Amino acid sequence: MARLTINGKSLELKVDPSTPLLWAIREQAGLTGTKYGCGVAMCGACTVHMDGKAVRSCVLPVASAEGKQITTIEGLATGATLHKVQKAWVDYEVPQCGYCQSGMIMAVAALLKDKPKPTDADIDAGITNICRCGTFQQVREAIHAAAKA
Amino acid sequence: MKTPKIDRRSFVIGTAAVGAGLTLGLKIPFGTSVVRAQDGSPEINVWVVIRPDDTVVVRVARSEMGQGTLTGLAQMVAEELEADWTKVTTEYPTPGQSVARKRPWGNFSTGGSRGIRESNEYVRKGGATARLMLVQAAANAWGVPATECTAANSVITHKPTGRTTTYGKVAEAAAKLTPPAEVTLKDPKEWKIIGKPVKRLDTMTKVTGAQVYGFDLKLPGMLNAAIKECPVFGGKVKSFDADKVKGMPGVKHVVQVGDSAVAVVAETWWEAKKALDAMPITWDEGPNAKVSSATIADTLKEGLDAEQAFVRTNVGDAKGTFAGAAKKVEAVYAYPFQNHAPMEPMNATAKFTADKCEVWVPTQNGEAAFAATLAASGLPADKCEVYKIMVIGGGFGRRGAFHDYVTQAVRIAKQVPGTPVKLLWSREEDMVQGRYHPVMQAKMSGGLDASGNLVGLHMRLSGQSILSAVFPQNLQDGRDNATFQGVDPSGDFTLGYTVPNLLIDHAMRNTHVPPGFWRGVNINQNAIFLECFMDELALAAGQDALEFRRKLMSKHPKHLAVLNAVADRAGWGKPAPQGVHRGLAHMMAFGSYVAACAEVSVTGGDKVKVRRIICATDPGYAVNPAQIERQIAGSFVYGLSAVFMEECTVKNGAIEQTNFNTYDSMKIAQMPKVESIIMPSGGFWGGVGEPTICVAAPAVLNAMARATGKRIRTFPLKNHGYQMV
Ligand code: FES
Ligand code: FES
């Protein structure tokens, strides 16, 4: 059993406490926008926010997320209004296959909270997600656009 | 990649329409022959369905894996249809429908950068035919000749009276008409949607998390499976101790899958994986358990000087020129095994009952997935169906010719009949059960005359043949012509140089590690071998790398045009900024002409910064320039990750790298600025997704050689201590 707050909703999940948060989000909470890419904190596809900070949920036991505010890609927009990062992603047509992009967007949204006007160096240091389609050129443009929004 | 044969004899076809209706879930209305989509909207023809609200549904047979084909193909149909682009949406026909209707959508295979270029003509005709039928239906309703009517933006206008109607209003009537036998396609000069950077149709759901990938599929009552196949290719399961894990939380079944794999089926995937990891399995590793990267390299090395080789090109007497040459240059290159590692690992979901087998799968080739389903289920085609997942989390060739995960999913589902089972591979499984970029060595030998002209060239390849492993029927007298991609005498992969004495041959040295089609396929290593060696020759001749090439390219104006374009943009010949070095490469691949100029600086002897790469491509026609730019930049990430950091090594018969910690991929910090020059010259249809991948690596390597004075010939670069910063 684990009690989690995901996207503002309090959930009682039937899950072994050692289960990675990623799988509790996907399989118990049923939110599949958060992706599995490696399971070893290398790729960032599983990035969610825990109390506003970007974390790689594939290596966090669900127990360590109890009592924390978890936000997933599904909870980033406010109602029908996209978050400014999502909006920039649409405007700059960032996604190719899109599989890495939930994690990428969550990582960028957290970066912008920390550094509202990131330099290229801030982006290089802060965004370490893997994108096998290679969308980085658009990612960088879209981050700067979102920072201006 | 050819489509496997589907046994049609086992499929009972009634009348085309009724047969279709049964398998397709299409409703056939009484009294007419109109075929309907699931929501009841009429099909004008197999490519176009029009809903009463004017929505235009374009059917797309090829697969979307990020490369933009879905949007590109919809643009082609919409162009000829004169559709309102803002009302266009898409859907996939299923492979089962295709069989039932005798393949009206042609080939489903999405690989070899062929999605658009191979089908452009018949999909445009589909759009044009539908337009003529819609216009005719409007003319009939008005009682006027169709020649007095025009169509634009999904609106039909009767010119003399100014009356208008919309596609949605006349679709029912149009669907009943007999299609015209002949249609004329537009002159490319009149295109309004093709050639424009229209927005992709599939972006929104990818930024909200709403897009459902194969990994995310949920079906009522579904269980989840995790699998391990013998890590030594060709090995088998000897034994496994199911009792040890059967009591673990969520575990429902432990099953052997074929003779080489074991799976745990549980309520959730995480439970399945935990149990699988805890289960003792012993393998019968078979005859390959001693193979290593070193033994494979030795086998290939022997091929470099072997007597026997498959000859692709033999003009003049290349070897003969070396004796009399003023200078002979020789270099041996080697390229490693590499995994596709798409972000979404392999997966498939299957449901099996005695009279039906259904599969949901992200695949680059729905028909091949269907064939795998038939074979694994043992059911005839009319009892099988494959639903392609709308968007794939990356393919790069892994999901085209190979459907091992489909076979596995069906084999598991057969052991739990009636229950849908979703099989997900872990990243570790994905890394060790790949269909790898073939391993290849090359011995390059060139002879220069006293003025530094290239008089003879011998390119001896030694290594794996993909076709002999995957499509042996496509070998030509044993020779694998795909091995020579980029150095062919003619066709889609033509060598861009004229060398008076030229020998290109391949000593085929296959290994037990299964090869596959990896984005760009054999152009990746061939471009490195050829274009790096061209720089080595120019250096030996004391000539400028661009001038040296140009002298050999007068008969290859399109190759030359893209090379000149990047050289001009970069200011080749003019001094580069302090510490910056340039390198060039070009090639023809998948029907397109591509070139790159890289600007690189190397600091501390081993830190490589790729600052900028200028890329030019002439794909004949550029369907969506915005997406082409993205494919260029993306292909460079894939290609540069490969040449800097990626290698799958073999130890005791198995692949050693199991995740991104040992098989790395570029990050945003390492991304060069990519400038694209899209220069379609018209008259042919070249590919987009793959061709450019091959020029990034040799352009960067040539720049690095200039920066360091050292030529690297074996890859990846990390093995030499180079780090991409
Ligand atoms: S899945 Fe968590 S970092 Fe890759
Ligand atoms: S968009 Fe495909 S992996 Fe990033």
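Bear in mind these aren't lab numbers, they're just calculated from the coordinates by the rules spelled out. Because the structure is a prediction, the values reported are computed rather than measured. Here Cβ is always computed from backbone atoms with ideal geometry, including for glycine, and neighbour counts include all displayed protein chains.
Of A:LYS87/B:LYS574; B:LYS327/B:LYS673; B:LYS125/B:LYS351; A:LYS113/B:LYS196; B:LYS301/B:LYS710, which ones are farther than 32 Å apart at the Cα?
A:LYS87/B:LYS574; B:LYS327/B:LYS673; B:LYS125/B:LYS351; A:LYS113/B:LYS196
If you place +1 on the Cβ of every Lys and Arg, -1 on the Cβ of every Asp and Glu, and leave all else neutral, what size is the dipole of the protein assembly as shown about its Cα centre, to the nearest 20 Debye?
Values: 97 positive and 80 negative charges, 161 e Å.
Here the protein assembly as shown has a charge dipole of around 780 debye.
Pull up the cross-link candidates among the lysines for B:LYS236, meaning alpha carbon to alpha carbon under 19 Å and not fewer than 8 places away within one chain.
Cross-link targets: B:LYS228, B:LYS290, B:LYS651.
Quick check: Cα centre of the stretch B:540-559 to Cα centre of the stretch A:36-73, how many Å?
Here the two parts' Cα centres lie 53 Å apart.
Which shape class, rounded, prolate or oblate, goes with the stretch B:382-507 when its Cα gyration tensor gives a ≥ b ≥ c as root eigenvalues, a/c under 1.5 marks rounded, and past that a/b bigger than b/c marks prolate? Walk me through the intermediate numbers first.
Details: a/c = 3.30, a/b = 2.99, b/c = 1.10.
Prolate.
With a cut-off of 8 Å between alpha carbons and a minimum separation of six or more residues, what is the relative contact order of chain B in percent? Intermediate values should be presented prior to the final figure.
Details: 1680 pairs, mean separation 101.1, N = 725.
Result for chain B is 14 percent.
Say each of B:ALA354 and B:GLU121 gets a label point 7 Å from the Cα, pointing the same way as Cα to Cβ; how far apart are those two points in nm?
5.0
Got a sec? How would B:ASP505, B:ASP355 order by Cβ neighbour count within 10 Å, fewest to most?
Details: B:ASP505 21, B:ASP355 9.
Going from sparsest to densest Cβ surroundings: B:ASP355, B:ASP505.
Go through B:GLN476, A:THR81, B:TRP47 and say which Cα lies farthest out towards the positive end of the charge dipole of the protein assembly as shown; charges sit on Cβ, +1 for Lys and Arg, -1 for Asp and Glu.
Of the listed residues, the answer is A:THR81.
Could you line up B:THR157, B:THR89, A:THR34 from fewest to most neighbouring Cβ atoms inside 10 Å? Before the final figure, lay out each step's value.
Details: B:THR157 17, B:THR89 12, A:THR34 27.
Result, fewest neighbours first: B:THR89, B:THR157, A:THR34.
Write down the Kirkwood hydrodynamic radius of the stretch B:8-194, to one decimal in angstroms, obtained as one divided by the mean of 1/r over all alpha carbon pairs. Intermediate results must be reported in sequence, preceding the final value.
Values: mean 1/r = 0.0590 Å⁻¹.
For the stretch B:8-194, inverting the mean 1/r across all distinct Cα pairs yields 16.9 Å.
Ranking A:VAL90, B:VAL311 by Cβ neighbours within 10 Å, fewest first, what do you get? If you can, show how the numbers build up before the last one.
Details: A:VAL90 18, B:VAL311 10.
Going from sparsest to densest Cβ surroundings: B:VAL311, A:VAL90.
Which of the lysines could be linked to A:LYS35 by a straight reach, that is with a Cα gap under 17 Å, when you skip same-chain ones fewer than 8 residues away?
B:LYS206, B:LYS218, B:LYS273, B:LYS422
For the stretch B:260-301 and the stretch B:115-173, what is the separation of their C-alpha centers, rounded to whole Å?
Each part's Cα centre sits 57 Å from the other's.
Calculate the mean, over all residues of peptide A:26-36, of how many other protein chain Cβ atoms lie within 10 angstrom of the residue's Cβ.
Numbers: counts 5, 8, 2, 0, 2, 2, 9, 9, 2, 7, 10.
Rounded to a whole number, the mean comes out at 5.
Restricting to Cα pairs below 8 Å that are 6+ residues apart, what does the relative contact order work out to for the stretch A:84-148? Please round to a whole percent.
The normalised contact order for the stretch A:84-148 reaches 53 percent.
What are the ³J(HN,Hα) couplings of the stretch B:644-661, residue after residue, when phi is run through the Karplus curve with 6.51, -1.76, 1.60 and θ = phi - 60°? Round to Hz, x for glycine and proline.
These are the phi-based 3J(HN,Hα) values: 8, 10, 10, 7, 9, 9, 10, 9, 6, x, 10, 6, 7, 7, 10, 6, 5, 6 Hz.
Which percent, to the nearest 5, of DSSP beta bridges fully inside the protein assembly as shown are antiparallel?
The antiparallel fraction comes to roughly 75 percent.
Have a look at A:ALA110, A:ALA65, A:ALA125 and tell me which one the Gaussian network model of chain A (Cα, springs below 10 Å) gives the largest fluctuation.
Sorting by GNM fluctuation, first place goes to A:ALA125.
Which aspartates and glutamates have a Cα lying under 13 Å from the Cα of B:LYS328, excluding residues fewer than 8 positions away in the same chain?
B:ASP449, B:GLU536
Expressed as a whole number of Å, what is the distance separating the alpha-carbon centroids of the stretch B:89-107 and the stretch B:393-457?
Measuring centre to centre over Cα atoms gives 26 Å.
Other chains near B:199-206: what is the mean number of their Cβ atoms within 10 Å of each residue's Cβ? Write down the numbers at each step before the final one.
Details: counts 3, 5, 0, 4, 10, 5, 3, 16.
Mean number of neighbouring Cβ atoms from other chains: 6.
Does the protein assembly as shown come out rounded, prolate or oblate, given a ≥ b ≥ c as the square roots of the eigenvalues of its C-alpha gyration tensor, rounded meaning a/c under 1.5 and, failing that, prolate meaning a/b above b/c?
Details: a/c = 1.42, a/b = 1.15, b/c = 1.24.
Verdict is rounded for the protein assembly as shown.
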